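To start, the structure itself, in structure tokens.
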Amino acid sequence: MSTTTAHGYTYDETLTTSPVTLAQLREVEASVLWSAEDAAALRRAGEILVPQTDAILDVWYGFVGATPHLVETFAGPDGEPSPEYLAAVRERFGLWIRDLCERDHDQRWLDYQNEIALRHTTARKNATDGIDSPSTHVPLRHLIALIVPITVTIRSFLESGESDATKVDAMYQAWFKAVTLTVALWAQPYAPELW
């Protein structure tokens, strides 16, 4: 997996400004109990997780691929899972792991969370990869529910790089908070008037 660029990865390009303000981001951070200690623990987690990105993605894709209502969001024009679509998203998903652990929560990060959010909705799903798919959005219920597998599967990867249980727990909690924070931001375009 490339750790610098992937088709459709636009973090360092011109992005639409997020409708979520930095002040609102700070409120959501407070709601998930985000702290400077979490930021440090997540950076340490990145040192362990980023080198294991492909193995992590194998676990996550194994789960998605074995869950019909999840894999159908990667359907091609024939309604069957598109290997090209799955591969393109996988590469960007790997970069998301890195970005989640290493990036500061600044305006650029917030703007890119908005871009990711839109790619889950009817506004931009399938457009990045030019897929003609019958799946026009990722249902919000599944986006929220995926916080669980994306979190619970990460602990063993953290443990493989850290023997101190207290440090593992700190990294695990920081990961959980960061994943929840991003999904909260990704929910914004589903119901902007209620967000």
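The values are calculated or read from the model by the stated rules, or taken from the named source; none is laboratory data. No experiment lies behind these values; they were computed from the predicted model shown. Ideal geometry is used to build each Cβ from the backbone, glycine not excepted, and the neighbour counts take in all protein chains shown.
Quick one: Ala88 ticks every box in (1) closer than 19 Å to Tyr9 by Cβ; (2) out of contact with any Asp or Glu (no Cβ under 8 Å at 6 or more places or on another chain); (3) aliphatic (A, V, I, L, M); (4) in contact (Cβ under 8 Å) with a residue 40 or more places away in the chain bar one, so which box is it?
Exception for Ala88: condition (2).
Can you find a residue in segment 76-90 that is within 23 Å of Pro51 (Cβ to Cβ), under 14 Å from the mean Cα position of the chain (by Cα) and not aliphatic (A, V, I, L, M)?
The answer is yes; a qualifying residue exists.
Could you tell me whether Leu57 is out of contact with any Lys or Arg (no Cβ under 8 Å at 6 or more places or on another chain), closer than 18 Å to Trp175 by Cα, at pLDDT 95 or above and not β-branched (Val, Ile, Thr)?
Considered against the rule, which asks whether it is out of contact with any Lys or Arg (no Cβ under 8 Å at 6 or more places or on another chain), closer than 18 Å to Trp175 by Cα, at pLDDT 95 or above and not β-branched (Val, Ile, Thr), Leu57 comes out as no.
Could you tell me whether any residue of segment 52-62 is hydroxyl-bearing (Ser, Thr, Tyr) and closer than 27 Å to Gln24 by Cα?
Going through segment 52-62, the residues hydroxyl-bearing (Ser, Thr, Tyr) turn out to be 53, 61.
So of that shortlist, the ones also closer than 27 Å to Gln24 by Cα come out as none.
Taking every residue of segment 52-62 in turn, none turns out to be hydroxyl-bearing (Ser, Thr, Tyr) and closer than 27 Å to Gln24 by Cα.
Please find, within segment 6-39, the residue that is nearest to Trp195 (Cα to Cα) out of those that are surrounded by 13 or more Cβ atoms within 10 Å (Cβ to Cβ) and free of Cβ contacts under 8 Å to residues at least 24 places away in the same chain.
Among those residues, the one meeting the criterion is Gln24.
Restricting to helices (runs of 4 or more DSSP H) lying wholly in segment 120-195: which have 2 or more residues that are in contact with a helix residue (DSSP H, G or I) (Cβ under 6 Å, 6 or more places away or on another chain) and buried (at least 17 other Cβ atoms within 10 Å of the Cβ)?
Numbers: elements: 140-145, 147-152, 155-159, 165-186.
Here the list reads 147-152, 155-159, 165-186.
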